[in-house]
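The values are calculated or read from the model by the stated rules, or taken from the named source; none is laboratory data. A quick note: this is a predicted structure, and the numbers were derived from the prediction, not measured. Note that we place each Cβ from the backbone using ideal geometry, even for glycine, and neighbour counts take in every protein chain shown. Ligands, DNA and RNA are excluded from the accessible area calculation, which covers all protein heavy atoms including side chains. Shrake-Rupley method; radii C 1.70, N 1.55, O 1.52, S 1.80 Å.
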Amino acid sequence: MNVINKTVKALTLGVALTTTMNALAAQDRWTFDGDIRNNSLAVSPDEMTAVVSYSQRPDVVVYDLKNGKVRQVLNGYVTPRNIVFSPTGDVFYLSDSSLGVVRKIDTKTLKVIADIPLGAGAFGTTLSKDGGLLYVNNEAASTLSVIDLDHQRPVAVVPGFSQPRQGIRLSPDGKTVYVTNFLGDKITLVDSKTNTIKGEITGFNKLRAISISADGNTLYAANSGSNSIAVVDTRKRAITTTVMVGKDPYGAALTPDGRHVYSGNLGDNSLSVIDTKTLKVTTTVTGLKAPRQAIVFSKDKSKAYVLNEDLSISTVDLASNKVVSTLEAD
């Protein structure tokens with residue numbers, strides 16, 4: 001069966017599953033995979049808007065960062081999973097694994113432009129550098145869908161994963177998609193030109209979020225099972241060392257200058273700050289509420305936005321590594 005036929009079959013199945021899942025989800029918040037918990041934070045390129053979600057809540061909160069208040073609460077979701085803005089910031093994409101869709105939303109009006117049906121399990125997402133392709137993990141089907149956003153349809157469905165969830169990143173050169181697998185604790189490497197698997201990295205322990213250095217040579221991965229951040233040489237495709245952090249780390253967010261990795265420690269309400277040269281924890285940020293992988297840095301490198309479990313956003317000053325303010329959800 002050629003790739004086109006596989007894609008058509010996958011899309012047809014996705015549409016049928018999505019129709020069923022939407023109907024079921026409308027009944028008392030039926031969830032397809034409600035036992036799997038994650039949150040998501042996306043900040044628009046102009047840093048005027050933040051959109052947040054937590055998979056245990058059916059609402060999505062949109063913040064006006066300029067005025068420091070809630071702009072609107074979006075309803076009608078079941079298990080919202082991941083949020084990404086387009087490079088221009090005029091739209092954002094939000095996946096919901098129970099509804100089985102990726103939703104395209106206008107940033108200005110907050111109106112739904114389109115639903116892209118992918119079937120139950122649509123989870124982690126990342127965009128190509130030009131914003132033309134959206135890569136979507138499906139943890140139920142154990143596939144990676146590649147969506148042509150101009151035509152809002154899949155151009156490839158890549159099999160061979162083991163419950164890919166939140167963790168998915170594109171290499172800085174755009175040539176490799178790194179997909180985390182919850183089962184098997186491994187990262188699968190996908191060639192973005194051919195949409196085929198070209199290798200894997202193993203040896204993790206309850207693998208969560210990942211980040212990649214600007215030169216593409218180093219990857220950082222959160223091991224929630226061993227309270228550590230794994231440091232990976234991507235050329236050797238091997239873990240070179242691990243750094244012990246706080247309890248139950250989900251986040252592994254690399255600062256824009258590449259000098260530090262911030263680990264979001266769910267279990268002790270903190271961030272561990274790792275110096276990437278010494279690979280030592282230099283300080284711990286406290287005063288948070290169950291932070292996970294939702295950590296976004298400002299373009300001026302002065303602060304980090306960290307999502308709390310109650311969908312409030314804490315701003316961390318990177319110079320002092322202290323929480324300086326928190327935006328509360330209504």
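Restricting 35, 46 to those that are part of a loop (DSSP other than H, G, I, E, B), out of contact with any Ser or Thr (no Cβ under 9 Å at 6 or more places or on another chain) and at pLDDT below 95 reduces the list to 35. Looking at segment 319-329, which of its residues are in contact with a strand residue (DSSP E or B) (Cβ under 6 Å, 6 or more places away or on another chain) and touching a residue at least 24 places away in the same chain (Cβ under 8 Å)? Passing the criteria: 321, 323, 325, 327, 329.
Run down 196, 188, 241 and say which single residue is surrounded by 17 or more Cβ atoms within 10 Å (Cβ to Cβ), of a type outside the set (A, V, I, L, M) and out of contact with any Ser or Thr (no Cβ under 7 Å at 6 or more places or on another chain). Spell out how you get there, then give the answer.
Working: 196 fails: surrounded by 17 or more Cβ atoms within 10 Å (Cβ to Cβ); 241 fails: surrounded by 17 or more Cβ atoms within 10 Å (Cβ to Cβ).
None of the others qualify; the one that does is 188.
Of the residues examined, residue 164 is not one that is at pLDDT below 95 and open to solvent by less than 20 Å² (accessible area, probe 1.4 Å). Residues of segment 161-194 that are under 27 Å from residue 34 (Cα atoms) and assigned to a loop (DSSP other than H, G, I, E, B): 161, 162, 163, 182, 183, 184, 185. Screening segment 227-237 for residues that are more than 24 Å from residue 129 (Cβ to Cβ) and open to solvent by 40 Å² or more (accessible area, probe 1.4 Å) and picking the one that is farthest from the chain's Cα centre (by Cα) gives 236.
Within segment 202-217, the residues that satisfy the criterion of being of a type in the set (Val, Ile, Thr) and under 19 Å from the mean Cα position of the chain (by Cα) are 210, 212. Restricting attention to segment 275-299 and to residues that are farther than 30 Å from residue 58 by Cβ and of a type in the set (S, T, N, Q), the residue that is surrounded by the fewest Cβ atoms within 10 Å (Cβ to Cβ) turns out to be 278.
Quick check on this structure: which one of 314, 302 is more than 27 Å from residue 183 (Cα to Cα), free of Cβ contacts under 8 Å to residues at least 40 places away in the same chain and crowded, with 16+ Cβ neighbours inside 10 Å?
When all the criteria are applied, what remains is 314.
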